[in-house]
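Peer 1: A single structure is presented below for examination.
What follows draws every value from the coordinates through simple rules; no lab data is involved. Quick caveat: nothing in here was measured; it's all calculated off a predicted structure. Positions of Cβ are backbone-derived with ideal geometry, glycine not excepted, and every protein chain shown enters the neighbour counts.
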Ligand SMILES: [Mn+2]
Ligand SMILES: [Mn+2]
């Protein structure tokens, strides 16, 4: 057992995130490179003096309401972007001139080992997360004083004794909008696994199942097969006309309906597919996202007119923003560590106060290495995730979209041994 | 589709929590009866004047760190006990004299229907949760003024304009310690499903799987088969010597090890089983939980002495609290809506400042309708959940414990078609 303990420790000391060889290993180099990018931008910023240090606070451990239950921790996104630390209650610092990365783990009482397992030492933490230095969080003030920075650049105010160094600043070098190759690899992997999870649901779905059973299947696939412990957002498993509720699945409507008719849902989503294809065929880079939204509106209105559901002049419909009746949300949003990723409205960008357009989560012009969702919707929504490339776009999502593809997948599912359902079992 | 919409609405208007006929339906009567119990205790309390009203605040909706991600909502436990409301941002009131239950749902803007589905009206909320009256949360001050209570009994301070009524009070009538028949039924059901989930893991486990894959299987079983969306606590899936880490599975040790040897774990847990059996054979009611803990200590030390692992006089070992070296945690704790349920230390009960004993989550004398865990441990822990009855105890947990039972379950698992593992698939 000592041997196993060492194996575990060695595993944790590996400077990477890993859930077995069958999953994607995320090297700590990904985060190191993010820190490097940040430093380069700050070095190029003439408002940032020599000797500056970036100081970030990681997510804190939390308990549910007033109980002692600790939900599974998920790191705060900026901190994750810069350090890839999985655990709560860390601080992190980056020396802008040298690019040196420093983490400050919390020093837990020795007795915690009984509850949490062997506690890592500073050198182990340093190696585990691939940074240059590690100090205990309780020593942060002393360490920073010794480093004597000209300025502290922070995203959050830190409660220090001295106000001398501290400056509250929203600096634009820390950015998740432009993805590196390593980050794109992570996004490809999570799209692959979650696409497979959707296919698993397509194979398993049949009338008489409950929506939440499909949620359970999807989450199980992603974790069991892909090592993905936390979903980015609550599963939206609406069947029938629940498919038209944008954030279905929340506490007030918790995917609790019985699935009545599988085909009703698929057929409706085929309309959306056609629109997605149209949007995909457009050149992307240097195009304004607002124009993309308007294009989607126009294509949808044309389709609705063809079907005889709306009548009249398309230009007139566009003028009165009729499209917003059918697509009240934005065409899509940045995607990354968060589902609705940051950076949609940097300083100088403003929301457009018109129906539909005011819901856009970004109005920026598309550039290489941006990653977005495309989710045009008339009542039902289909979503694709894409990465903007120099010569077009890369489709990250890989789920079947055509009637034929979906039929083939469902037929494959029907040939499998039937899944035991509690509702079919004798009580 | 309109038909389906009505079906859904009707379903939500049913005064019960339900996830299909194959799961346990929890009637709103359960919560109504809790409110009745609370009123009876308050009516009998001479410090509570006529015309008092209990006012409670439900859990608030939250977002993760500074992002807009809303984790799945889980109700605050006191509020759940009194109202069974599944959704965030409610208030609730109870008229002590009449027992009348009143809820105050948040009034959401009409436009939210696009994201959340059709919004319920006040009468629908009233019927959905089986209370006597419903008003919008924004009208709470007006409604309470009209009711003109002599006193407001609160668990939390409410930020009202008038301090005249408000009194901050931790009243002891609200209690989850003594379970009603309806509550015991819920606890039996959740024990049944999670026991079956453990059996599913026993059938599936084999060397080469990862601990988190077993976590995923367990959670999937509980949700898919039993409709249990949220686990009470983070899965502790420690294999090998991780089985000795009490809260293994947390962010710093996220069930990420490969399972090496299945038998090592089972065998160690057999020792604990023997101790549990011994504890079970004791009469329970009117026994102090401290004495139960000491008894477990003694039984464990005797077993260790028999095995030649400790030497000397058992009474001497007890005097120096040697047992705490092997069982540093308490023998068990109250169980209910929370894993570590409330009520362990009511006013007048104090922690005992001695090794092992200071970790006890209650020092109370056992009474009928208390529900507790029994989890004696020497390095490895096995847990049983029990309800104290008038003539002994009811074992709620139903998992195999003997070598023969476990072998039979595992053999059954080996006869099933092999589960496809990503680690076995060709890349
Ligand atoms: Mn979206
Ligand atoms: Mn416990």
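Peer 1: Could you tell me the distance between the Cα centroids of region B:83-120 and region A:346-390, to the nearest Å?
Peer 2: Spelled out, the Cα-based centre of one part sits 34 Å from the other.
Peer 1: Under the rule a/c < 1.5 gives rounded, and otherwise a/b versus b/c splits prolate from oblate, where does region A:351-427 land using the Cα gyration tensor?
Peer 2: Since a/c reaches 1.5 and a/b is larger than b/c, the shape of region A:351-427 is classed as prolate.
Peer 1: When DSSP assigns beta bridges and you keep just the ones with both residues in chain B, what percent turn out antiparallel, to the nearest 5?
Peer 2: Restricted to chain B, the bridges split so that about 70 percent are antiparallel.
Peer 1: Over the whole of B:223-234, what's the average partner chain Cβ count within 10 Å per residue? Rounded to a whole number, please.
Peer 2: Going residue by residue through B:223-234 and averaging, the value is 5.
Peer 1: Who wins for biggest fluctuation among A:26, A:399, A:262 in a Gaussian network model of chain A, springs between alpha carbons below 10 Å?
Peer 2: Looking only at A:26, A:399, A:262, the largest GNM fluctuation is found for A:262.
Peer 1: Now for a separate question. With just the Cα atoms defining each centre, how far is region A:42-59 from region A:13-35? Give it in Å.
Peer 2: 25
Peer 1: Among rounded, prolate and oblate, which fits the protein assembly as shown when a ≥ b ≥ c are the square roots of the eigenvalues of its C-alpha gyration tensor, a/c under 1.5 means rounded, and a/b larger than b/c means prolate? Display every interim value, and only then the final one.
Peer 2: Details: a/c = 1.44, a/b = 1.25, b/c = 1.16.
Rounded, since a/c falls under 1.5.
Peer 1: As a footprinting exposure proxy, order A:395, B:294 by other Cβ within 10 Å, with the fewest listed first.
Peer 2: By the 10 Å Cβ count, ascending, the order reads A:395, B:294.
Peer 1: To the nearest 10 degrees, how steeply does helix B:262-280 sit against the main Cα axis of chain B, on a 0 to 90 scale?
Peer 2: 70
Peer 1: Moving to a separate point now. Taking neighbour counts of Cβ atoms within 10 Å as a proxy for exposure, in what order, fewest first, do B:123, B:258, B:87, A:124 appear?
Peer 2: Listed from fewest to most nearby Cβ atoms, that is B:123, A:124, B:258, B:87.
Peer 1: Also: I need the shape label for chain A. Rule: rounded when a/c is under 1.5, else prolate if a/b > b/c, else oblate, with a, b, c from the alpha carbon gyration tensor.
Peer 2: Here chain A falls in the oblate category.
Peer 1: Other chains near B:202-211: what is the mean number of their Cβ atoms within 10 Å of each residue's Cβ?
Peer 2: Mean shielding count: 1.
Peer 1: If you don't mind, there's one more thing I want to ask. Relative to the longest principal axis of chain A, what angle (0 to 90°, nearest 10) does the C-alpha long axis of helix A:2-13 take?
Peer 2: 80
Peer 1: With contacts defined as alpha carbon pairs under 8 Å and 6 or more residues apart, what's the relative contact order of chain A in percent?
Peer 2: Here the relative contact order equals 13 percent.
Peer 1: Let me ask something additional. Mind checking which of B:88, B:71, B:328 has the largest fluctuation in a GNM of chain B, springs on alpha carbons under 10 Å?
Peer 2: Between B:88, B:71, B:328, it is B:71 that shows the largest mean-square fluctuation.
Peer 1: How would you rank A:63, B:397, A:154, going from fewest to most other Cβ atoms within 10 Å of each one's own Cβ?
Peer 2: Fewest-to-most Cβ neighbours within 10 Å comes out as A:63, B:397, A:154.
Peer 1: Still on this structure, please answer the following. If the elastic network links every pair of Cα atoms under 10 Å, which of A:131, A:403, A:85 fluctuates the most in the Gaussian network model of chain A?
Peer 2: Largest GNM mean-square fluctuation: A:403.
Peer 1: Further question on the same structure: Taking beta carbons within 10 Å but only from partner chains, what does the mean come to for residues A:329-338?
Peer 2: Mean shielding by partner chains, rounded to a whole number: 1.
Peer 1: Taking only Cα atoms, what is the 0 to 90° angle, nearest 10, from helix A:403-415's long axis to the longest principal axis of chain A?
Peer 2: So the helix axis and the longest Cα principal axis differ by about 80 degrees.
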